[in-house]
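In what follows, a single structure is set out as structure tokens and then discussed.
Rule-based calculations on the coordinates, nothing more; no lab input. Everything quoted here is computed from the prediction, not taken from an experiment. Note that we place each Cβ from the backbone using ideal geometry, even for glycine, and neighbour counts take in every protein chain shown.
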């Protein structure tokens with residue numbers, strides 16, 4: 001039952017299905033659709049593929065998605081308005097700086113957009129429903145600000161499950177309130193220089209010394225690496241073993257011997273900090289062990305399906321937004337006396353993109369339902385991850401082509417999307433690794 005609205009820090013909060021959630025209502029003068037850069041307007045809900053009056057075919061943007069309820073849509077509007085107020089005015093600066101302000105996390109925590117499935121006693125939402133996580137990722141993509149939202153989706157979708165499922169009561173009391181409020185930003189460090197996807201070959205060691213582990217090694221390509229206060233680090237507690245020698249430690253900001261390297265310069269995703277991490281005789285309490293010693297690889301495997309599904313959500317949303325920008329552009333831009341969208345080749349390309357996005361979204365929604373029912377398999381998550389990210393690459397590339405030379409100009413969001421897209425088939429497990437996971441499971 002929904003409680004009456006009350007004012008809170010300039011926002012409104014409501015309770016949906018028993019959890020507190022911000023509800024930032026539409027404001028006069030604010031668009032009731034996605035935020036865009038100034039060079040585009042949002043296409044109408046029923047946008048004609050053909051610019052001629054005789055062609056009646058329309059593109060409704062999407063089939064009705066049955067996974068979302070009225071409460072979800074209220075939450076979506078809240079997220080959308082939050083992005084309009086907190087993200088869009090700062091995005092260009094974050095893009096230049098290579099990092100978002102830490103205040104973005106605390107603002108998201110205040111608004112109820114962090115740790116949605118964490119228990120309410122720690123400040124979380126108390127709702128285990130990945131639809132809410134998906135909405136956050138989608139709305140950042142629709143706003144053209146996905147790089148600014150990656151840190152939040154990593155915090156919610158990738159790191160939080162470890163803190164919920166593997167922590168003891170003392171650890172929950174110590175870390176979860178800060179994770180829910182945004183005062184403690186999280187990251188996970190698996191990749192090391194030179195090992196790529198072969199996690200079992202990692203060399204970062206954590207050797208027991210009384211009540212501490214002494215950690216030595218290095219990690220790279222770590223999302224939230226600069227901003228993070230709590231880093232889940234995959235280590236070898238038994239360097240003689242491969243998978244069985246891995247464990248997970250939470251290494252906190254300020255730990256002696258823990259240093260951050262460069263905020264790495266990337267091709268895309270400029271507003272998201274990606275760092276190198278170094279550990280030199282870093283003394284980490286045994287009390288910071290997540291789960292059981294020697295079970296680290298299994299813990300990673302258990303949580304990777306949700307991580308990969310999270311990437312798939314962002315991929316489909318980014319592809320859809322790229323198509324929206326391109327639909328608007330091709331109907332406004334003319335060549336040889338007619339809109340670009342009037343040419344048969346353009347219509348065919350747009351039709352192919354629209355069709356593939358719809359098909360991908362149907363499978364994506366089914367995967368979200370399976371995750372909520374705790375039925376999503378590693379193979380299904382791998383299918384979603386590789387197919388949707390490869391789709392994103394195809395769609396964005398096609399959309400750049402339809403923009404012509406302007407698609408290569410960074411003042412146009414489609415050009416930025418082109419740069420941001422390339423990593424999608426690499427991080428979270430490459431397309432090749434995803435196919436290997438699926439292929440190994442296939443039997444007559």
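Here the average projected area of the convex hull drawn through the C-alpha atoms of segment 187-294 stands at 6.5 nm².
Could you rank the peptides 129-139, 85-95 by their average count of other C-beta atoms within 10 Å per residue, with the highest value first? Intermediate values should be presented prior to the final figure.
Values: 129-139: 24.1, 85-95: 16.5.
Listed from highest to lowest mean packing, they are 129-139, 85-95.
Tell me the angle of helix 378-403 to the major Cα principal axis of the chain, expressed in degrees between 0 and 90 and rounded to the nearest ten. It is inclined by approximately 40 degrees.
What is the gain in length, in nm to one decimal, between residue 443 and residue 265 on full extension, counting 0.36 nm per residue of separation less the C-alpha to C-alpha distance?
Values: separation 178, 0.36 × 178 = 64.08 nm, distance 4.31 nm.
Taking 0.36 nm per residue and subtracting the Cα distance, the gain is 59.8 nm.
Extents of segment 140-183, taken as max minus min of Cα coordinates on every principal axis and listed largest first, are 40, 18, 10 Å. Distance between the pseudo-spin-label points of residue 92 and residue 302 (7 Å out from Cα toward the beta carbon): 4.7 nm.
Placing pseudo-labels 7 Å out from each Cα toward the beta carbon at residue 101 and residue 203 gives an inter-label distance of 4.2 nm. The separation of segment 402-433 from segment 70-145, counted between C-alpha centres, amounts to 23 Å.
At 25 °C and a viscosity of 0.890 mPa s, what translational diffusion coefficient does Stokes-Einstein give for the chain, taking Rh as the Kirkwood radius over Cα pairs? Give it in µm²/s as a whole number. Walk me through the numbers before you get to the answer.
Details: Rh = 22.7 Å.
Rounded to a whole number, D works out at 108 µm²/s.
When only Cα pairs below 8 angstrom with a gap of at least 6 residues are kept, segment 84-187 shows a relative contact order of 33 percent. Measuring spread by the Cα atoms of segment 60-188 yields a radius of gyration and Dmax of 14.8, 50 Å.
Find how much the distance from residue 401 to residue 63 grows on full extension, using 0.36 nm per residue of separation minus their present alpha carbon separation; answer in nm with one decimal. It would help to have the intermediate numbers written out before the result.
Numbers: separation 338, 0.36 × 338 = 121.68 nm, distance 2.61 nm.
Taking 0.36 nm per residue and subtracting the Cα distance, the gain is 119.1 nm.
Helix 70-82 and the longest principal axis of the Cα set of the chain meet at an angle near 90°. By the Kirkwood approach, averaging reciprocal distances over each pair of separate Cα atoms, segment 153-213 gets a hydrodynamic radius of 13.8 Å.
Here the gap between residue 170 and residue 435, fully extended at 0.36 nm per residue and compared with their Cα-Cα distance, gives a gain of 91.4 nm. Label-to-label distance, residue 410 versus residue 374, with points set 7 angstrom from Cα along the beta-carbon direction: 4.7 nm. Taking R0 as 56 Å, what FRET efficiency do you get between residue 352 and residue 253 from their Cβ-Cβ distance, rounded to the nearest 0.05? Calculated transfer efficiency: 0.75.
Calculated mean residue ellipticity at 222 nm for the chain: -13500 deg cm²/dmol, from DSSP H runs with n ≥ 4 weighted as -39500 (n - 2.57), summed, divided by the residue count and rounded to 500.
Percent relative contact order of the chain, based on C-alpha pairs within less than 8 angstrom and at least six residues apart? Please report the intermediate quantities before stating the final value.
Values: 804 pairs, mean separation 65.3, N = 444.
Worked out over the chain, it gives 15 percent.
Sort 442, 184 so the one with the fewest other Cβ atoms within 10 Å of its own Cβ comes first. Could you put the intermediate results ahead of the total?
Numbers: 442 7, 184 21.
Lowest to highest Cβ neighbour count: 442, 184.
Computed from Cα atoms, the angle from the helix 344-372 axis to the main principal axis of the chain rounds to 40 degrees.
DSSP beta bridges in the chain, what fraction antiparallel, as a percent rounded to 5?
Working: 38 of 43 bridges.
Among the beta bridges of the chain, antiparallel pairing accounts for roughly 90 percent.
Its residues counted as N, segment 340-423 yields a C-alpha radius of gyration over 2.2 N^0.38 Å of 1.31.
With a ≥ b ≥ c the root eigenvalues of the C-alpha gyration tensor of segment 297-441, is it rounded (a/c under 1.5), prolate (a/b larger than b/c) or oblate? Don't skip to the end; give the middle numbers.
Working: a/c = 2.93, a/b = 2.27, b/c = 1.29.
Cα axes put segment 297-441 in the prolate bin.
Segment 252-319 and segment 192-244 have their alpha-carbon centroids 10 Å apart.
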